[in-house]
Amino acid sequence: MGEKGVVIQVLLAWLTFVIFLIKRYTDKPIRTWWIWFLDGTKQGFSMTIIHGLNVFLSIFLAKFTSTDQSKSDQCTWYLITFLTDVLLGTAICYFSIVYLDVLFTRY
């Protein structure tokens with residue numbers, strides 16, 4: 001990653017932190033700084049793990065699917081694994097919450 005990539009990553013990290021701060025002040029009720037810090041740490045840790053797994057999977061899939069005639073692009077595989085993670089993960093969470101809500105409401 002070159003200098004341009006590092007600058008973009010720093011700007012994205014700064015933007016994410018600013019949005020996270022704005023979210024803290026717009027939450028009702030406003031959480032304490034300690035709870036806010038723990039929540040942010042939890043989200044940051046889980047995003048780092050998922051990012052690492054997506055990078056590993058995209059490198060593996062690019063090597064696994066490339067042939068002598070064609071090269072597979074790691075960025076394309078990262079986008080595919082990221083979108084699959086977001087869409088499938090959101091769907092699983094949503095339907096799990098709906099199921100548990102019905103289950104707990106009934107019993």
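State which residue is modelled with the lowest pLDDT when the search covers only segment 66-80 and only residues that are in contact with a helix residue (DSSP H, G or I) (Cβ under 6 Å, 6 or more places away or on another chain) and closer than 21 Å to Gly5 by Cα. Ranking the qualifying residues of segment 66-80, first place goes to Gln74. Just wondering, is there one or more residues in segment 91-106 that are under 25 Å from Phe20 (Cα atoms), part of a helix (DSSP H, G or I) and either of a type outside the set (A, V, I, L, M, F, W, C) or touching a strand residue (DSSP E or B) at 6+ places or on another chain (Cβ under 9 Å) (or both)? Yes, that holds for at least one residue.
Quick grid of which residues meet (1) surrounded by 10 or more Cβ atoms within 10 Å (Cβ to Cβ); (2) without any contact (Cβ under 8 Å) to a residue 12 or more places away in the chain:
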| site | (1), (2) |
| --- | --- |
| Gly2 | no, yes |
| Val7 | yes, yes |
| Leu12 | yes, yes |
| Arg24 | yes, no |
| Ser46 | yes, yes |
| Leu100 | yes, yes |
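All of Thr76, Thr84, Thr67, Thr41 fail the test of being without any contact (Cβ under 8 Å) to a residue 24 or more places away in the chain, among the β-branched types (Val, Ile, Thr) and loosely packed, with under 10 Cβ neighbours inside 10 Å, apart from Thr67. Of all the numbered requirements in (1) in contact with a helix residue (DSSP H, G or I) (Cβ under 7 Å, 6 or more places away or on another chain); (2) modelled with pLDDT under 90; (3) not acidic (Asp, Glu), Gly2 misses one, and that requirement is (1). Within segment 28-49, one or more residues are touching a Lys or Arg at 6+ places or on another chain (Cβ under 9 Å) and either among the β-branched types (Val, Ile, Thr) or closer than 30 Å to Gln74 by Cα (or both).
Of all the listed residues (Leu57, Leu87, Leu83), the sole one being under 26 Å from Gly5 (Cα atoms), out of contact with any helix residue (DSSP H, G or I) (no Cβ under 6 Å at 6 or more places or on another chain) and either part of a helix (DSSP H, G or I) or not acidic (Asp, Glu) (or both) is Leu83. Within segment 9-66, the set of residues being within 14 Å of the chain's Cα centre (by Cα) and of a type in the set (Lys, Arg) comprises Lys42 only. Residue by residue through segment 26-38, note down the ones that are part of a helix (DSSP H, G or I), surrounded by fewer than 10 Cβ atoms within 10 Å (Cβ to Cβ) and of a type outside the set (Val, Ile, Thr). Passing the criteria: Trp33, Trp34.
The values are calculated or read from the model by the stated rules, or taken from the named source; none is laboratory data. The model shown is predicted, which means the values in this text are computed figures rather than measured ones. Methodologically, a virtual Cβ is constructed for each residue, glycine included, from the backbone with ideal geometry; neighbour enumeration extends over all protein chains shown.
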